[in-house]
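Notes to accompany the following structure.
The values are calculated or read from the model by the stated rules, or taken from the named source; none is laboratory data. Note that this is a predicted model, so its numbers are computed, not measured. Counting neighbours? That spans all protein chains shown, and the Cβs are built from the backbone with ideal geometry, glycine included. Surface areas here come from the heavy atoms of the whole protein model, side chains and all, with no ligands, DNA or RNA. Shrake-Rupley method; radii C 1.70, N 1.55, O 1.52, S 1.80 Å.
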Amino acid sequence: MIRVWIVLLMVVSNLFSSSVVGLDNSTVPPVVNIGVLYSFNTSVGRIVKIAVEAAVADINSDTSILGNTKLNLSLQEDSKYRGFLSIAEALQLMATHTVAIIGPQTSTTAHVISHIANELQVPLLSFSATDPTLSSLQFPFFIRTAFNDIFQMTAIADIVSHFGWREVIAVYGDDDHGRNGIGGLGDKLAERRCKISFKAPMPPEATSEEITDVLVQVALAESRVIVLHTSTAWGPKVLSVAKSLGMMQNGYVWIATTFLTSFIDIDSPLSSEEMDNMQGVIALRMYIPDSKLKRSFFSRWTNLTSGKEGNGPLGLSTYGIFAYDTVYVLARALDTFFKQGNRITFSPDPKISQISGDSLHLDAVKIFNEGNQLRKSIHEVNMTGVTGPFRYTSDGNLANPAYEIINVIGTGTRRIGYWSNYSGLSIVPPETLYSKPPNRSIENQKLLTVFWPGETTQRPRGWVFPNNGKMLKIGVPKRVSYREFVSQVQSTDTFKGFCIDVFLSAVNLLPYAVPYKFIPYGDGQSNPSNTELVRLITTGVFDAAVGDITITTERTRMVDFTQPYIESGLVVVASVKKTDSNAWAFLTPFTPMMWTVTAIFFLLVGAVVWILEHRLNDDFRGPPKKQVATILWFSFSTMFFAHRENTVSTLGRFVLLIWLFVVLIINSSYTASLTSILTVQQLSSSIKGIESLVNSKEPIGYMQGSFARSYLIDEIGIHESRLVPLKTPEETMKALEKGPQKGGVAAYINERAYIELFLSSRCDFSIVGQEFTRNGWGYKFHVW
């Protein structure tokens, strides 16, 4: 029976082996096919080709990695690195039983090829397709061997926040790489309460005319912080056009992604004209920590590129280093793959066999049966390469991503700091901070001095008043009184005054531009109604209002107010007259009632002390006449602490102690009041405050256009016929001087801010009573 099962197993095994295209099952294959899909006619492509070929040669000569197995490299030119031709070129590469493909060069191609890689289960390893969306679960066979662009965008967002800017302009190529990268930047800026105020997409491989059209729109915008996210092919052309348009001058900020440092590294040394086009630009470079392997590879690069610089210089960029390490990552993953007992087999795709009339010969491409195992082996690689420690996190991204922050200065570049996902901005290499707890505090985020465009080290403000922005229409009351607070400069469109000064100071503190235009409101003959001005904001006539406008409940229902910038409630002003001193002035500190009560208490205390002391104390004994005289003398002498009689009883002493304390208070109050009466001019008025006005029938003045009129009628209950509108301080002064008997007013009610200005030069009037409202002045804006 056992022999029968062995025969059946051999038959099934033979049938299975006949249905696959593969290698000898019993041994590790002597050759493994890997492919590279890249545009080798570009500067980056030439660097990548040299680096990949060097890595394959090093691995094939090192038996410690794959033993006797050799890597067979197939190079496939991605002529346009996008679109339909890239699909055909990828299929050609996969038809050669390739177990993995290194590439492609761009994220646009990677999006397309990743669908093919998923279908055929062939891992796709790319170090230059950095689009964040390629890390989604939709593309499990896409493996990025460099840093995800989301980290680069986080670094830029941290730089923007570090310098205190709130808005940026994004200039980018309108393809998958540009759109998705800028989308990630927008998310990271939003986390820091910043935003992209204007997006300026450009066609891939844009012409100078197209770039000019876009940058002209950028120059008209308010933000001067520009993030440039393009490719090495045409990114420098954008800076050249910006230079010709005057956009590399003082006030501008340019932050470039890694394309610029790659361009500088590969084509270095650049011409003086090219360097002038990028003076003051901040750029990022993927950070590779210093190591013996890195120094050795840099020293080898001259020999590797010898005789291959016919089409221009071939300086080593981070793309070349990551390309070299990508081959090593694949080799180590294959080594683990084989040690786990896996083999390489291919089988036809049943979905392709179902296509009738296949004139494209798609049956030549096969499914890599063990592709999923190889993909897992790649994600499990943990090595130290030229790029430093290399391992993946659970989300499929490389651990500890970091960037150098470069400032273009003069004929070269200067490193002003680092950014890492672990510690943010710093001026020390990130690897020195990994052993310490992460510290993202503002004090710990540091960069060295930056030389900005225009050869200045002063931090640019980051915005200007835009030429194409909507102007805020700000209504300003055209007053005829108290023009110190707000008034229009004669024969101009400008305004001045305290309220205008406060507004302009607040605007200058904003980290962004606010274009506005002051529009006068009123005929200039009388004070306009501020409530009506506020209502016009709700109808769209004005966008805001600036002036001496009080915050009231009615107005807050219509618009939004800022916080009050001045406190000003309603007060009563009335005419006052001097109170001259006379011979009886010493009696005025106390009222008659107070004098009577004080005298009664003096007698009462004297009587109480006599009752407690006369049976024990000889000083309080004697004939009745003497005892009465003693009581009176003792009581009044305590006012001056001159009493001579001793108290011997405990209760007597206790009463005397309390009484002496009361006497001290009475003496102090009397002395202070009398001093004030004799030294300070005394003013008096028959009006004592708002209460006495309510109870009288006399006319009351108020400032024309003020909310005081409606408040006095609706809230206080004063009849409208008693209220007299007054336009100017001069008119107010005359009305108060006349008084109600001569056609004037008994009192004038206005806000304290106006009253203090009114009284500053008029000493015949004074505030009487207490402030009876609590209001303030604020600026008004439409409720959006």
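Just to be sure, is Gln138 on the phi > 0 side of the Ramachandran plot, open to solvent by 40 Å² or more (accessible area, probe 1.4 Å) and either of a type in the set (S, T, N, Q) or out of contact with any Lys or Arg (no Cβ under 9 Å at 6 or more places or on another chain) (or both)?
Working: on the phi > 0 side of the Ramachandran plot: no; open to solvent by 40 Å² or more (accessible area, probe 1.4 Å): yes; either of a type in the set (S, T, N, Q) or out of contact with any Lys or Arg (no Cβ under 9 Å at 6 or more places or on another chain) (or both): yes.
Answer is no for this residue.
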Within segment 233-275, of all residues that are more than 19 Å from Gly178 (Cα to Cα) and charged (D, E, K, R), the one most open to solvent (accessible area, probe 1.4 Å) is Glu273
Among residues of segment 605-622, those that are open to solvent by less than 80 Å² (accessible area, probe 1.4 Å) and not in a helix (DSSP H, G or I), counted: 3
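When the residues of segment 535-561 are narrowed to those that are in a loop (DSSP other than H, G, I, E, B) and β-branched (Val, Ile, Thr), which ends up surrounded by the fewest Cβ atoms within 10 Å (Cβ to Cβ)? Spell out how you get there, then give the answer.
Narrowing segment 535-561 to residues in a loop (DSSP other than H, G, I, E, B): 539-543, 546-549, 551-552, 557-559.
Filter once more, so that each one left must be β-branched (Val, Ile, Thr): 539, 541, 546, 549, 551-552, 559.
Working: Thr539: 9, Val541: 13, Val546: 24, Ile549: 24, Ile551: 18, Thr552: 17, Val559: 21.
So the residue we want is Thr539.
Within segment 165-182, restricting attention to residues that are under 28 Å from Leu510 (Cβ atoms) and either part of a strand (DSSP E or B) or at pLDDT below 95 (or both), which residue is most open to solvent (accessible area, probe 1.4 Å)? Even if it seems obvious, please write down each step before you answer.
Looking only at segment 165-182, we keep the residues that are under 28 Å from Leu510 (Cβ atoms), and these are 165-172, 182.
Then drop every residue that is not either part of a strand (DSSP E or B) or at pLDDT below 95 (or both), which leaves 165-172.
Working: Trp165: 4, Arg166: 87, Glu167: 31, Val168: 2, Ile169: 0, Ala170: 0, Val171: 0, Tyr172: 19 Å².
Going through the qualifying residues, I end up with Arg166.
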Residue selected from segment 441-465 under the condition modelled with pLDDT under 90 and among the aromatic types (Phe, Trp, Tyr), by the criterion most open to solvent (accessible area, probe 1.4 Å): Phe465
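Only strands (runs of 3 or more DSSP E) wholly contained in segment 363-426 count here; list those with 1 or more residues that are of a type in the set (A, V, I, L, M). Give the derivation first.
Details: elements: 366-368, 382-385, 388-391, 402-409, 412-420, 424-426.
Here the list reads 366-368, 382-385, 402-409, 412-420, 424-426.
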Among residues of segment 562-604 being within 60 Å of the chain's Cα centre (by Cα) and assigned to a loop (DSSP other than H, G, I, E, B), the residue modelled with the lowest pLDDT is Val576
Would you check which residues across segment 256-286 are small (Gly, Ala, Ser), over 21 Å from Thr154 (Cα atoms) and part of a helix (DSSP H, G or I) and list them? Ser272
Taking Glu532 as meeting all but one of (1) more than 28 Å from Phe765 (Cα to Cα); (2) open to solvent by 60 Å² or more (accessible area, probe 1.4 Å); (3) of a type outside the set (A, V, I, L, M); (4) under 33 Å from the mean Cα position of the chain (by Cα), write down the number of the exception. (4)
Top-ranked residue of segment 470-498 - restricted to ones that are buried (at least 16 other Cβ atoms within 10 Å of the Cβ) and of a type in the set (Gly, Ala, Ser), ranked as modelled with the lowest pLDDT: Ser481
Identify all residues within segment 562-576 that are open to solvent by 40 Å² or more (accessible area, probe 1.4 Å) and touching a Ser or Thr at 6+ places or on another chain (Cβ under 7 Å); write none if there are none. Ser575
In segment 214-240, how many residues are closer than 19 Å to Asp175 by Cβ, of a type in the set (A, V, I, L, M) and either assigned to a loop (DSSP other than H, G, I, E, B) or in contact with a Ser or Thr (Cβ under 8 Å, 6 or more places away or on another chain) (or both)? 4
Residue tally, condition farther than 16 Å from Tyr754 by Cα, in a loop (DSSP other than H, G, I, E, B) and touching a Lys or Arg at 6+ places or on another chain (Cβ under 8 Å), over segment 494-525: 6
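Is there a residue in segment 216-228 that is free of Cβ contacts under 8 Å to residues at least 12 places away in the same chain and surrounded by fewer than 18 Cβ atoms within 10 Å (Cβ to Cβ)? Before the answer, list the steps.
Taking segment 216-228 as the starting set, the residues that turn out to be free of Cβ contacts under 8 Å to residues at least 12 places away in the same chain are none.
Within segment 216-228, none of the residues are free of Cβ contacts under 8 Å to residues at least 12 places away in the same chain and surrounded by fewer than 18 Cβ atoms within 10 Å (Cβ to Cβ).
Scan Ala117, Ala51 and give me the residue that is in a helix (DSSP H, G or I), under 20 Å from Leu134 (Cα atoms) and modelled with pLDDT of 90 or more. Steps first, answer last, please.
Values: Ala51 fails: under 20 Å from Leu134 (Cα atoms).
Step by step, each of Ala117, Ala51 is checked, and only Ala117 is in a helix (DSSP H, G or I), under 20 Å from Leu134 (Cα atoms) and modelled with pLDDT of 90 or more.
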